[in-house]
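Quick notes on the structure that follows.
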Amino acid sequence: MFLRIDHVGIACNDLEEKIAFYESTFGLTVVSREVNEEQGVREAMLHVADGDGGASYVQLLEPLHPDTAVGKFLARRGEGVHHIGYGVADVAKAMEEIAGQGVRLVDERPRHGSMGAAIAFLHPKDTGGVLTELVQAPRDNGH
Ligand code: V0V
Ligand code: CO
């Protein structure tokens with residue numbers, strides 16, 4: 001079902017500071033920056049590698065407000081790994097198959113994600129404490 005790890009989402013307090021760290025320490029390059037009001041984040045994608053199943057990224061996430069998914073996470077746990085995003089060919093199909101196994105979906109329908117992707121989250125309480133995201137990249141993205 002999964003084609004690749006599309007991205008690892010990392011919660012941070014200061015996006016620009018963390019971008020500078022990832023660029024200077026690991027030599028990664030920012031390929032996209034977006035504000036996603038629906039998800040309550042300002043985020044940047046940094047390219048890590050290209051594989052057979054498509055590219056993989058680190059996604060740095062800064063909350064737009066304290067009362068958002070990432071804002072609450074930061075208040076409770078501090079900075080660190082927030083979610084894993086897996087690449088899938090068909091997000092609606094993957095949602096249906098996974099829900100059929102009894103895993104709760106956070107989203108009833110796919111949402112708008114970074115770089116034109118269609119995304120959906122699975123509830124961390126049903127996935128061993130790991131917030132899990134399904135990512136269907138757009139066709140023109142080389143995936
Ligand atoms: C919360 N919990 C987590 C968690 N966030 N566990 C593991 N990883 C996380 N990231 C746990 C938390 O410790 C609580 O456990 C419980 O879930 C309820 O937490 P809460 O703070 O009361 O929060 P809720 O219930 O209001 O919301 C939790 C969910 C929410 C997961 C439903 O964060 C959500 O809807 N997330 C999906 C959207 C999202 O994260 N968007 C930002 C990334 P205890 O203490 O009760 O045991 S946007 C993105 O990735 C984009 C745009 C992209 O990739 O393109
Ligand atoms: Co994500």
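The values are calculated or read from the model by the stated rules, or taken from the named source; none is laboratory data. Source: prediction; values computed, not measured. Methodologically, a virtual Cβ is constructed for each residue, glycine included, from the backbone with ideal geometry; neighbour enumeration extends over all protein chains shown. Heads up: the accessible areas ignore ligands, DNA and RNA and are worked out on the full protein's heavy atoms, side chains in. Shrake-Rupley method; radii C 1.70, N 1.55, O 1.52, S 1.80 Å.
By how many nm would the segment from D67 to K93 grow when fully extended, if each residue of separation counts as 0.36 nm and the alpha-carbon distance is taken off?
Gain on stretching D67 to K93: 6.3 nm.
Suppose R0 equals 30 Å. What FRET efficiency, 1/(1 + (r/R0)^6) with r the Cβ-Cβ distance, do V103 and N13 give to the nearest 0.05?
Calculated transfer efficiency: 0.50.
Over the chain, average the accessible area per residue using a 1.4 Å probe and give it in Å², no decimals. Could you put the intermediate results ahead of the total?
On the way: 7820 Å² over 143 residues.
Per residue, the chain has 55 Å² of solvent-accessible surface.
Output the peptides 108-116, 31-39, 58-66 sorted from most to least packed, where packing is the average of other Cβ atoms within 10 Å over each peptide's residues. Numbers along the way, then the final one.
Working: 108-116: 16.4, 31-39: 13.4, 58-66: 19.8.
The packing order, highest mean first, is 58-66, 108-116, 31-39.
Please report the carbon-and-sulfur percent of the accessible area for the chain; probe 1.4 Å, protein heavy atoms only, DNA, RNA and ligands left out.
Heavy-atom surface of the chain belonging to carbon and sulfur, 1.4 Å probe: 50 percent.
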